[in-house]
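A.B. asks: One structure, pasted below without further comment.
Since every read-out is calculated from the coordinates, none of them should be taken as a lab result. Bear in mind the structure is a predicted one, so any value in this text is a computation, not a measurement. Ideal geometry is used to build each Cβ from the backbone, glycine not excepted, and the neighbour counts take in all protein chains shown.
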Amino acid sequence: MKVAGFTIIRNAIKYDYPVVEAISSILPICDEVIVAVGKSDDDTLQLIKSINSPKLRIIETTWNDSLRQGGQVLADETNKAFDAINKDADWCFYIQSDECVHEKYLPSIHEAMLKYKDDKQVDGLLFNYVHFYGSYSYVGNSRRWYRKEIRIIKNNKSIRSYKDAQGFRKKDNSKLQVKLIDASIYHYGWVKPPKAQQAKQENFHKMWHDDEWMKKNIAQVEEFDYSQIDSLEEFKETHPKVLQDRVNNQQWSFKFDSSQIKLSLKDKFLLAIENTCGWRIGEYKNYIEV
């Protein structure tokens with residue numbers, strides 16, 4: 001069995017993306033990792049090269065910044081990385097630049113890939129998600145956070161990155177058939193110094209909206225206000241080893257007061273149902289579990 005990882009990145013230093021940690025977290029389980037590095041305003045290319053692994057293969061790209069509707073440029077770049085994977089790979093492991101895999105999950109991920117490698121009913125593998133917010137000590141626990149997403153797909157080029165590259169579909173727009181596995185993706189996109197988070201938000205929304213929308217909806221402030229959150233809970237487990245230096249070196253302070261949870265009665269009711277039986281009413285699923 002051969003496994004190829006793939007990801008995209010641009011301006012990693014400027015917007016403080018933990019892309020080195022993201023790539024490093026999947027390297028042990030991959031035979032090769034393709035990194036599509038977009039033309040950047042900083043030393044992102046050198047940063048990726050500093051990983052210094054024989055498994056790494058870098059392709060240099062230019063992002064089409066005119067693709068602003070719905071984050072389409074992200075899917076476009078993701079497809080470039082996916083298409084660069086050689087035909088002999090069985091599985092393709094997609095990791096975004098603000099995600100990490102805890103090393104404790106690698107054995108179960110490898111076992112699942114072996115189990116479903118030749119199963120023609122399975123297009124990909126579905127992961128649970130843990131979303132960190134404000135600091136490395138808190139995770140989102142409300143309905144605003146997506147619970148699952150596809151991160152491993154068969155090396156079938158009829159599969160395409162979908163919309164803003166959060167998930168995948170086939171060229172005919174049909175959903176992938178997937179198996180949920182016993183593993184989680186740790187998402188750190190909402191954990192940055194407040195100034196870096198604000199800069200990232202301003203840049204990020206440019207991939208979805210025009211300049212007029214940006215002026216009306218994105219506050220012109222120096223630092224991101226992390227207090228604008230509905231509900232969090234304390235994270236009491238361990239982070240991936242590759243991310244531990246970032247955890248230890250956090251330079252800003254954020255604390256969430258559980259007495260300040262901002263959930264409507266409706267949201268509290270729906271969340272109670274979800275926590276009791278695991279059913280999220282009205283949940284969007286860009287996949288078919290088999």
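A.B. asks: Check each of the GluC sites (Glu not before Pro) in region 186-264 and keep only those in coil by DSSP with at most 10 other C-beta atoms within 10 angstrom; list them in order.
C.D. replies: E222, E237
A.B. asks: Can you grab the distance from the C-alpha centre of region 220-290 to the C-alpha centre of region 141-185, Å, no decimals?
C.D. replies: Comparing the Cα centres of region 220-290 and region 141-185, I get a distance of 21 Å.
A.B. asks: Quick one: net charge of N64's neighbours, Cβ under 10 Å, K/R +1, D/E -1?
C.D. replies: Once all neighbours under 10 Å are counted, the net charge is -2.
A.B. asks: Select from H187, H131, H209 the residue whose mean-square fluctuation is largest in a Gaussian network model of the chain (Cα-Cα springs shorter than 10 Å).
C.D. replies: Of H187, H131, H209, the most mobile in the Gaussian network model is H209.
A.B. asks: Hey, what's the Kirkwood Rh for region 1-155 if you take every pair of different alpha carbons, in angstrom?
C.D. replies: 16.5 Å
A.B. asks: Hey, another quick one. With respect to the cross-link table entries K2/K39; K87/K117; K206/K262, which display a Cα-Cα separation exceeding 24 Å?
C.D. replies: K2/K39; K206/K262
A.B. asks: Percent relative contact order of the chain, based on C-alpha pairs within less than 8 angstrom and at least six residues apart?
C.D. replies: Once normalised by length, the contact order is 21 percent.
A.B. asks: Also, quick follow-up: If you average the C-alpha positions of region 21-84 and of region 190-207 separately, how far apart do those two centres end up, in angstrom?
C.D. replies: First find each Cα centre; the distance between them is then 19 Å.
A.B. asks: On to the next question. Can you work out the Karplus-derived ³J(HN,Hα) for every residue in region 54-64? Use 6.51 cos²θ - 1.76 cosθ + 1.60 with θ = phi - 60°, whole Hz, and x for glycine or proline.
C.D. replies: The phi angles translate into x, 7, 7, 10, 9, 10, 9, 10, 10, 6, 8 Hz.
A.B. asks: Counting other C-beta atoms within 10 Å, which of S161, S108 has the fewest, and how do the rest follow?
C.D. replies: Least to most surrounded, the residues fall as S108, S161.
A.B. asks: Further, regarding this structure: Considering the values (i) 0.99; (ii) 1.40; (iii) 1.11, which represents Cα Rg over 2.2 N^0.38 Å as calculated for the structure under consideration?
C.D. replies: (i)
A.B. asks: Mind listing the phi-derived Karplus ³J(HN,Hα) values for region 33-44, rounded to whole Hz, using 6.51, -1.76 and 1.60 with θ = phi - 60°, and x for any glycine or proline?
C.D. replies: Working through the residues one at a time gives 10, 8, 10, 8, 9, x, 4, 10, 8, 9, 9, 4 Hz.
A.B. asks: Connecting C-alpha atoms closer than 10 Å in a GNM of the chain, tell me which of S66, S174, S259 has the biggest fluctuation.
C.D. replies: Ranking S66, S174, S259 by mean-square fluctuation puts S259 first.
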